[in-house]
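Okay, structure first, notes after.
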């Protein structure tokens, strides 16, 4: 089992990768933030999340 600091490094790398992909897709910071907020606060389904990105 990895030590806690290794887990954080892995998660940080994963987030950096995800944010890089979002940027390549042309998403703004506001769009990414809205997507994450809607996903967390409203328990939006995967299909609905996809629709948010297309709005």
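The values are calculated or read from the model by the stated rules, or taken from the named source; none is laboratory data. Fair warning: this is a prediction, and the values are worked out from it, not measured in the lab. With ideal geometry, Cβ positions are generated from the backbone for all residues, glycine too; neighbour counts draw on all protein chains shown.
Before moving on, here are some points about what is shown:
- Flag if residue 52 is surrounded by 10 or more Cβ atoms within 10 Å (Cβ to Cβ), at pLDDT below 75 and over 11 Å from the mean Cα position of the chain (by Cα): yes
- Some residue of the range 37-46 being over 12 Å from the mean Cα position of the chain (by Cα), in a helix (DSSP H, G or I) and modelled with pLDDT of 65 or more: yes
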